[in-house]
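In what follows, a single structure is set out as structure tokens and then discussed.
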């Protein structure tokens, strides 16, 4: 078959298309950065996962070490079961802490792993026992109002529904809220 | 009698609606038959693959300039408009994500398909319509050359090959245009622009789904153009009407299919 200039142009066209696809994959997409090859899966139970989604990053010290692979609901304990795919290169101690954090004020949610001091490492199928739930903004606000009301009962906010705020108080503990309420004091 | 005149008028309107409707159904069936025939004759046409390559040149390579220039401007406008909204929320670094995702997921495949329908689809319809009007297709049949294998199938496969390539190039050049506006012109940090983009664009869910979309659009646009040309009345007016119908039908088909594909891909 004789070669024509049209063949050359079509060849260039197809090569350009392939190069663009490769460029998109490498430069724009996360084909290279998400190159988490071999992974092992561990689970963690949370009472509340907030807005956590499958494929959310799992970070340790701010570095992506894995991804959330699956989120299901456990009907017996009424907890969310989150499966994490973690890079095989990184072994975490058995008493690792799993927290749900938010990137920025209203950004996406991710799981932060804080390594503990145990000698034994997590292996595939293990469960992370120590977890901390997502911070839910509404709970924080109701907690704030509750604290405010207990400070000065004569103010209008004292009429807040105490049942729901009590529940929120139990669910959250007190640590994140103390910092929140401090600047509000006169 | 006035009453019977109204009745006759109503019947005439109903008859027209019914005729239009049954005509559409008939055309849909004929189009599906042509699609089946094209697939059936593909093997025969691949034996003369240079015919397909020639058509890739006319539909793909010749559409490059309009597609790339549009992509460049679309990307630049996206960056400007995105920046205007994002800076209100103090997250102008997310502009890279916005430009890349809107181009890869929607604008790349859709705008390319619309441009393709206008640039290449009309050419296909007019060419085949004129071949039919000048009885070239009948002449081929007389020589025992199947016009579907010789004329229709190469153009079909050329469109199917060219569309994903054009859409990928559109996204690439659009992102480049967005980069040029966001980084040197507005002053967004280049590192944040690329790193946010890379963190949020997924190879499988964003890039590959966009390519699948453009493949489907390629099949739809080319098939509509081929059918309108093949079905055109063999007159000057018939060819001109068929060309208009190609653009209208292709655009509507692309936008409708886009909704269906997007909802399907999101639910996956």
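Sort A:124-137, A:66-79, B:178-191 by packing, meaning the average of other beta carbons within 10 Å per residue, with the highest value first.
Numbers: A:124-137: 15.4, A:66-79: 13.5, B:178-191: 17.1.
Peptide ranking by packing, descending: B:178-191, A:124-137, A:66-79.
Which whole number gives the average, over all residues in B:41-50, of C-beta atoms from other chains lying within 10 Å of the residue C-beta? Can you show the working numbers first?
Values: counts 0, 0, 0, 0, 0, 0, 0, 1, 1, 7.
The per-residue average across the peptide is 1.
Specify the inter-centroid distance of region A:59-122 and region B:189-245, based on alpha-carbon positions, in whole Å.
Comparing the Cα centres of region A:59-122 and region B:189-245, I get a distance of 41 Å.
In what sequence do B:194, B:157 fall when counting other Cβ within 10 Å, fewest first? Write out the running numbers ahead of the final one.
Working: B:194 17, B:157 22.
Placing the least packed residue first, the sequence is B:194, B:157.
Eigenvalues of the Cα gyration tensor times 5, then square-rooted: what semi-axes does that give for region A:87-149, in whole angstrom, largest first?
On the way: eigenvalues 197, 39, 14 Å².
Each semi-axis is the square root of five times an eigenvalue, giving 31, 14, 8 Å.
Ratio of region B:83-123's C-alpha Rg to 2.2 N^0.38 Å, to two decimals? Let's see the in-between values first.
Numbers: Rg = 14.9 Å, N = 41, 2.2 N^0.38 = 9.0 Å.
Rg over 2.2 N^0.38 Å, computed on Cα atoms: 1.65.
Summarise the long-distance tail of P(r) for the protein assembly as shown by giving the % of C-alpha pairs beyond 31 Å. It would help to have the intermediate numbers written out before the result.
Details: 61171 of 102831 pairs.
The calculated P(r) of the protein assembly as shown puts 59 percent of pairs beyond 31 Å.
Can you give the % of DSSP beta bridges in the protein assembly as shown that are antiparallel, to the nearest 5? Mind dumping the intermediate values first?
Values: 27 of 33 bridges.
In the protein assembly as shown, approximately 80 percent of DSSP beta bridges are antiparallel ones.
At a temperature of 4 °C and a viscosity of 1.567 mPa s, determine how fast region A:39-132 diffuses translationally according to Stokes-Einstein, using the Kirkwood radius over alpha-carbon pairs as Rh; express D in µm²/s, rounded to the nearest whole number. Write out the running numbers ahead of the final one.
On the way: Rh = 13.2 Å.
This corresponds to a translational diffusion coefficient of 98 µm²/s.
Return one number: the angle in degrees, 0 to 90 and rounded to the nearest 10, between the long axis of the Cα atoms of helix B:49-59 and the longest principal axis of the Cα atoms of chain B.
70 degrees
Give me a single rounded figure for B:155-167: the average over its residues of other chain Cβ atoms within 10 Å of their Cβ. Intermediate values should be presented prior to the final figure.
Values: counts 0, 0, 0, 1, 0, 0, 4, 4, 0, 2, 8, 4, 2.
The mean count of partner-chain Cβ atoms within 10 Å per residue comes to 2.
Residue by residue through B:95-108, how many Cβ atoms from other chains fall within 10 Å of the Cβ on average? Mind dumping the intermediate values first?
Values: counts 0, 1, 1, 0, 1, 4, 1, 0, 2, 3, 0, 0, 0, 1.
Mean shielding count: 1.
Sort B:124, A:100 by Cβ crowding within 10 Å, fewest neighbours at the top.
Values: B:124 29, A:100 23.
Ordered from fewest to most neighbouring Cβ atoms within 10 Å, B:124, A:100 come out as A:100, B:124.
Going by C-beta contacts inside 10 Å, put A:97, B:217, A:92 in order with the fewest on the left.
Listing A:97, B:217, A:92 from fewest to most nearby Cβ atoms yields A:97, A:92, B:217.
By what distance, in whole Å, do the Cα atoms of region B:16-92 stretch along each of the three principal axes, largest value first?
If we take the Cα atoms of region B:16-92, the spans are 57, 45, 19 Å.
Applying a 10 Å radius around every beta-carbon, put B:61-72, B:218-229 in order of their mean neighbour count, most first. Walk me through the numbers on the way to the answer.
Working: B:61-72: 18.2, B:218-229: 26.1.
The peptides rank, most packed first, as B:218-229, B:61-72.
Please give the contour-minus-distance gain from residue B:252 to residue B:3: 0.36 nm per residue of separation, less the Cα-Cα distance, rounded to one decimal in nm. List each step's numbers first, then the result.
Numbers: separation 249, 0.36 × 249 = 89.64 nm, distance 4.01 nm.
85.6 nm is the gain from fully extending residue B:252 to residue B:3.
Once the Cα gyration tensor of region B:61-130 is diagonalised, what are the square roots of 5 times its eigenvalues, in whole Å and ordered largest first, as equivalent ellipsoid semi-axes? Could the numbers behind the result be given before it?
Values: eigenvalues 227, 18, 13 Å².
In descending order the semi-axes read 34, 10, 8 Å.
If you split all Cα-Cα distances of chain B into 5 Å bins from zero, what percentages do you get per bin, shortest first?
In whole percents, the pair-distance histogram is 1, 6, 11, 14, 15, 13, 10, 8, 7, 6, 5, 3, 1, 1, 0, 0, 0.
Sort the following peptides by mean Cβ neighbour count (other Cβ atoms within 10 Å, averaged over residues), highest first: B:201-209, B:255-263.
Values: B:201-209: 18.2, B:255-263: 13.3.
Top to bottom by mean Cβ count within 10 Å: B:201-209, B:255-263.
Quick one: check the C-alpha center-to-center distance for region B:1-73 versus region B:106-177, whole angstrom.
After rounding, the separation between the Cα centres reads 12 Å.
Values in this text are rule-based calculations from the coordinates and carry no lab data. Since we're looking at a predicted model, the values are computed, not measured. Note: ideal-geometry Cβ built from the backbone for every residue, glycine included; neighbour counts use all protein chains shown.
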